[in-house]
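For reference, the structure is listed below as C-alpha cells.
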Amino acid sequence: MLFSTPALTPADQVVLADIERMRNRLRYQVQAHPGKWTAGLRKFLTADAVAASNSIEGFRVSTQDVQDLMDGERDVDVSDENREETLAYQRMMTYVQSLHDAADFEYSKGLLNALHWMLQGHRHTARKVAGQWRTGPVYVTDPENPRVAAYTAPEAAEVPGLIAELVAWLNASDDAHPLIRAAMAHLHLVSIHPWPDGNGRMSRSLQTLMIAREGVLAPEFSSIEAWLGRRLHTWEYYQQLKRTGATYEPDRDVSDWIRFNLTAYHEQAQAVQLQLDQSAAVWELLEAFVSEAGLDERVITALHDVAMVGRVRRARYEQADNLTLQQAQRDLKALAAAGLLVPVGRTRARYYTEGPNFPEPALERARTPFTLTSPYPVR
C-alpha cells in the first residue's frame, strides 16, 4: 500500500497556478535566449543541485568546486570521498537529465536499481549492496542522537512488493498535477527506503526525473534539490518526513508534505527567475564594457563567470567558447595583465578572480541579493 495523494486546498491551487505561470515564463525566456550565459546558468544550477543534495547527506563540496569537478578538473581541493560522491551523483543526474525526452520511456525496477548503482556503485560491498534491494533492516537515526531511530523502514521482505506497486503507480496516470505526482513519488520511495544507503538522494532524483519528464522546463531549471539543501530547508525537510510517521504508515494524511513541496517549487522558481534575469543583465553590462574597451567579445564568457560564480578556470573558458588551449591561456593572461582578473594558485590548480579594474557595475549587479516571497500567507 502506498500513500494516497491528498486533495489540494484552495490555497494550494492558487500556489500551484502561480508556479505554473512562473515556469511558463521561464520556459519562454530560456527558449528565446539560448545564449552562452544561459548555458552557463544551466551548468551552475546542475552543480548547485548536486552540491546541495550531497550536503544533506553530509558530503560538503561548494557549488564552484562541483562545477570544476564536472569540467574534469583534477586539482580541486576536496577530499577523495567528497570527490567520489560528487562525481557519482553528477553522473547519475546527467543520465536523469538525459531521460527528459527519451522515447518509449517507462519506469521499472531495473531503472531504479541502475540509477542506484550509478550513485552507490563505488561503495558496493557484501554488507551494503548497490543496485539491489536491501536484505536487512534500515533505520534513519536522529541527527541529535544516533542511538535513536527517527524512522524505521518496512521489513526487507516487503520491499519488492512495495517497489512493484510504486513502479505500477509511476507508469499509470491519474488526475493529479505532475508536480504533485513528483512530490508523492519522492515520499513513496524515501519511505520504502529500498536500499541500504543513498535513499534520500535517489528519492530527490526521482522527483527531478518526473518533473523533467513533464517537459515544461529543462531539468536544470526544475529541480528543487538546491532549495532542499539550504540549511533551514533541510531541517524542515526532515521534520516533514518525520510527520509521516516513525514507521511506514501509508494511511496517514500527507497534506503538509504537499504544501512543503509547493513552497519549494514556488521559491525555487522565483530564485531561478531572478538568477536568470541577473545573469542576462550582467552579460549586457559586460558586453558594453568589452565593446568600449576594444576587447574581443569572446572574453565576456570568462568575465561573466567571474562576476556570477566568483572565479573562472582556463578549462571552463576553453570549453565554453570552443577555444584552443593557447587561445584560452593567452586571453586569460591578457585579462590579468589589464588588471581585470587576478590569478590564484599555480599551474593546473590556477583559477582567476576579479582584478582591481574589473567593471564594478557588473559585479554590483551580480552580487546584489534578491528577496524571495512566501507563497502562503504567514500564519
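Residue 259 fulfils the conditions (1) of a type in the set (Lys, Arg); (2) at pLDDT 90 or above; (3) touching a strand residue (DSSP E or B) at 6+ places or on another chain (Cβ under 7 Å) except for a single criterion, (3). For region 247-259, filtered to residues that are assigned to a helix (DSSP H, G or I) and in contact (Cβ under 8 Å) with a residue 60 or more places away in the chain, the residue that is surrounded by the most Cβ atoms within 10 Å (Cβ to Cβ) is 258. Among 232, 166, 170, 209, which is the only one that is among the aliphatic types (A, V, I, L, M), modelled with pLDDT under 90 and outside any loop (DSSP other than H, G, I, E, B)? Exactly one of 232, 166, 170, 209 is among the aliphatic types (A, V, I, L, M), modelled with pLDDT under 90 and outside any loop (DSSP other than H, G, I, E, B), namely 232. Among the residues examined, residue 355 does not qualify as surrounded by 12 or more Cβ atoms within 10 Å (Cβ to Cβ), among the small types (Gly, Ala, Ser), closer than 16 Å to residue 64 by Cβ and out of contact with any helix residue (DSSP H, G or I) (no Cβ under 6 Å at 6 or more places or on another chain).
The number of residues in region 64-108 that are closer than 23 Å to residue 123 by Cα, hydroxyl-bearing (Ser, Thr, Tyr) and either crowded, with 18+ Cβ neighbours inside 10 Å or touching a Cys at 6+ places or on another chain (Cβ under 7 Å) (or both) comes to 2.
Of the candidates 121, 136, the single residue that is in the same structural domain as residue 220 (by TED's automatic domain parsing) and part of a helix (DSSP H, G or I) is 121.
The values are calculated or read from the model by the stated rules, or taken from the named source; none is laboratory data. None of these values were measured; they are calculated from a predicted model. Note: ideal-geometry Cβ built from the backbone for every residue, glycine included; neighbour counts use all protein chains shown.
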